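Visitor: Pasting a structure here, questions to come.
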Amino acid sequence: MANTNERICIIGGGPAGISAAMYLEKKGYENYEIYEKLNKIGGKSWSPKIMVNGEERTYETGAIMGAKTYYAVHEVEEFGGATHADGPNMRRMYRNASGEEIFPFDPKKDFSIKKTLDLVKLKKQMKKLVQIMNTKYYGYDCYGHIGVADGRYSGLSKGTEDFLQHIEGVNPNLKDLALPFDQFCKLNGVEEVQKIWIGPYTSFGYGYFDEIPAAYVMKYLDTTTAIEFVNMRLWTWKEGTQSIYVKANAKLKHPAHLCTEVVKVERPAEGEEGKIKVTLKSEEGERVEEFDKLIVTTPLDWFAKFADAREEEKELFSKIIHEKYVDFIGKFEEKKGPTISGYIFDNMTPERLGHAMVYYHRWEDLEGDCPCTVYALRNHMGSEDAPYDYTIETMLDDMAKCGFEVKERLYEQESYYCPHVSPRDYADGWYDKLEAMQGKQNTFYGGEIISFGDMEDTCAASKDLIGRFF
């Protein structure tokens, strides 16, 4: 029988840590603490406030939008009292590398027989993909990766009828999901669908299709979610995505301790009884707290550096890859900024590493005075990283080509984004090896790597973790 009096340490105050605490409370656990080394809640779902035309507005630099399939996020919304009913509308246009507007999905604009035939082909392959994902790859649409490399599925369902309910079964075809997404599409004769998936996937920092296992792509953008994104039936938040977790944190019985870094973790040896000693560093200095269990929601490869990591932890976590996603909030000359978001499709390839892929326009009423967040990737597996300064300068040049000279960068950052493993390590059962370690030394692993790097899958991973082990 569960001991709800156990003292639990949660490392990280992002979506994973806040939702883990919420799900613990729902199961009767109240003796927990959350430690966040930054001075803010929400991790990469950060939504800074900026003064524009004398008015404070919220802008987003990480997570931006959701859809009706964001079931776990909605549970966090309800807990904290957040709403997506009043967020700005999402609109977009498309541009090429020269900054010119293009119309890749409109057969009437820039009409040609070839373009029309290509769009017919794309539509047919999209229908085929929906069919094979529901039949050949039945079971793919659950959160998490347990068993996939072995031809099984086990996790919380992403289905519209049985969402967040545990499902499991056997389907040997699921092994194909370990292939890079471009190879997966070629195997199934649906190469054209990459033109649809690349916008909400690669441009928002999740990597290139020749390096990312198809499981990550299809579990994040399952066919239902992808259709919602294509048709712009999206959720947005007036106060930004960070507000979801700020409000949930405020409702917790034990809100997160900010500016408190976990610098050391000492656990009893395997099989031995004892407390987990956690050394914390804050403005008041260092102190040691004792706990019965540990939930790690920060990057696991970082955890291995400050904790008493076992060799199997070090080895497994060393295989984690993350995207180096650069963004800045750009301000433009008066009335000379974008009036709608833009996707620069030509820049979403490894050959254009470091180039701006998307700029995000948030507030319609500001018209050309709305600052925009501009995004680029600077790493690709097997390639040299694009230097940070080069990436910033290239992004500025790309915006100028689009006709939007950036007058000032109000904020810029590089994020540890979309932690994942290579197709080879995925096929080798990386996730099943991690699953076998859950609970050893009373340590449990959560966060982005468990499911996928967006906030929905991250929150669902916390729900699954708490549901199964607490």
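The values are calculated or read from the model by the stated rules, or taken from the named source; none is laboratory data. Remember, it's a predicted structure, so these values are computed and weren't measured experimentally. Quick reminder, even Gly has a Cβ in these numbers, built from the backbone with ideal geometry, and neighbours come from all protein chains shown. Please note that ligands, DNA and RNA were not included when accessible areas were found on the heavy atoms of the full protein model with its side chains. Shrake-Rupley method; radii C 1.70, N 1.55, O 1.52, S 1.80 Å.
Visitor: Would you mention how many residues in segment 177-192 are surrounded by fewer than 20 Cβ atoms within 10 Å (Cβ to Cβ) and either touching a His at 6+ places or on another chain (Cβ under 9 Å) or assigned to a helix (DSSP H, G or I) (or both)?
Guide: So the count comes out to 6.
Visitor: Next question. In the list Lys401, Lys463, which residue meets the criterion of being open to solvent by 40 Å² or more (accessible area, probe 1.4 Å), closer than 23 Å to Ala97 by Cβ, basic (Lys, Arg) and touching a residue at least 24 places away in the same chain (Cβ under 8 Å)?
Guide: The match here is Lys401.
Visitor: So, in segment 303-318, exactly how many residues are without any contact (Cβ under 8 Å) to a residue 24 or more places away in the chain and open to solvent by 50 Å² or more (accessible area, probe 1.4 Å)?
Guide: The number of residues fulfilling the criteria is 5.
Visitor: Moving to a separate point now. Which count do you get for residues in segment 220-266 that are open to solvent by 60 Å² or more (accessible area, probe 1.4 Å), among the charged types (D, E, K, R) and farther than 22 Å from Glu30 by Cβ?
Guide: Total satisfying the criteria: 6.
Visitor: Which residue pairs have Cβ atoms under 9 Å apart, sit 6 or more places apart or on different chains, and have a first residue in segment 364-380 that is within 10 Å of Arg57 (Cβ to Cβ) and in contact (Cβ under 8 Å) with a residue 40 or more places away in the chain and a second that is among the basic types (Lys, Arg) and part of a strand (DSSP E or B)?
Guide: Short answer, once both residue conditions are applied: Leu366/Arg57; Cys370/Arg57; Pro371/Arg57; Pro371/Lys331.
Visitor: Please indicate, with yes or no, whether at least one residue in segment 414-427 is surrounded by fewer than 19 Cβ atoms within 10 Å (Cβ to Cβ) and of a type in the set (Phe, Trp, Tyr).
Guide: Scanning segment 414-427, I find at least one residue that is surrounded by fewer than 19 Cβ atoms within 10 Å (Cβ to Cβ) and of a type in the set (Phe, Trp, Tyr), so the answer is yes.
Visitor: Of all helices (runs of 4 or more DSSP H) completely enclosed by segment 379-470, which ones contain at least 2 residues that are modelled with pLDDT of 95 or more, closer than 20 Å to Glu351 by Cβ and of a type in the set (Val, Ile, Thr)?
Guide: 388-401
Visitor: How do the pairs read when you match residues in segment 255-267 that are in contact (Cβ under 8 Å) with a residue 40 or more places away in the chain and closer than 15 Å to Gly43 by Cα with residues anywhere that are among the charged types (D, E, K, R) and surrounded by 14 or more Cβ atoms within 10 Å (Cβ to Cβ), using Cβ under 6 Å and keeping only pairs 6 or more apart or on different chains?
Guide: Between residues of segment 255-267 that are in contact (Cβ under 8 Å) with a residue 40 or more places away in the chain and closer than 15 Å to Gly43 by Cα and residues that are among the charged types (D, E, K, R) and surrounded by 14 or more Cβ atoms within 10 Å (Cβ to Cβ), the close pairs are Ala256/Glu36; Leu258/Glu36; Glu261/Lys37; Glu261/Lys281.
Visitor: If you don't mind, another one. Give segment 128-170 a look and list any residue that's touching a Lys or Arg at 6+ places or on another chain (Cβ under 9 Å) and surrounded by fewer than 17 Cβ atoms within 10 Å (Cβ to Cβ), or say none.
Guide: Selection gives Asp150, Gly151, Thr160, His166, Glu168, Gly169, Val170.
Visitor: If you don't mind, another one. Identify the residue in segment 210-219 that is touching a residue at least 40 places away in the same chain (Cβ under 8 Å) and farther than 11 Å from His420 by Cα and, among all such residues, is most open to solvent (accessible area, probe 1.4 Å).
Guide: Asp210
Results for (1) open to solvent by 10 Å² or more (accessible area, probe 1.4 Å); (2) of a type in the set (A, V, I, L, M); (3) over 26 Å from Glu286 (Cβ atoms), shown as yes or no for each residue.
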| residue | (1), (2), (3) |
| --- | --- |
| Glu6 | yes, no, no |
| Gly13 | no, no, no |
| Ala20 | no, yes, no |
| Glu25 | yes, no, yes |
| Gly28 | yes, no, yes |
| Glu36 | yes, no, no |
| Lys40 | yes, no, no |
| Lys44 | yes, no, yes |
| Lys49 | yes, no, yes |
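Visitor: Exactly one of these conditions fails for Asp86: (1) among the acidic types (Asp, Glu); (2) assigned to a helix (DSSP H, G or I); (3) closer than 30 Å to Lys251 by Cα; (4) open to solvent by 30 Å² or more (accessible area, probe 1.4 Å). Give me its number.
Guide: (2)
Visitor: Something else about it: Given the criterion touching a helix residue (DSSP H, G or I) at 6+ places or on another chain (Cβ under 6 Å), open to solvent by less than 30 Å² (accessible area, probe 1.4 Å), closer than 19 Å to Leu38 by Cβ and of a type in the set (S, T, N, Q), identify the matching residue among Thr297, Thr279.
Guide: Of Thr297, Thr279, the one residue that is touching a helix residue (DSSP H, G or I) at 6+ places or on another chain (Cβ under 6 Å), open to solvent by less than 30 Å² (accessible area, probe 1.4 Å), closer than 19 Å to Leu38 by Cβ and of a type in the set (S, T, N, Q) is Thr297.
Visitor: Could you identify the single residue in Tyr94, Tyr23 that is in contact with a helix residue (DSSP H, G or I) (Cβ under 8 Å, 6 or more places away or on another chain), more than 19 Å from Arg468 (Cβ to Cβ), among the aromatic types (Phe, Trp, Tyr) and outside any loop (DSSP other than H, G, I, E, B)?
Guide: None of the other options fit; the residue is Tyr94.
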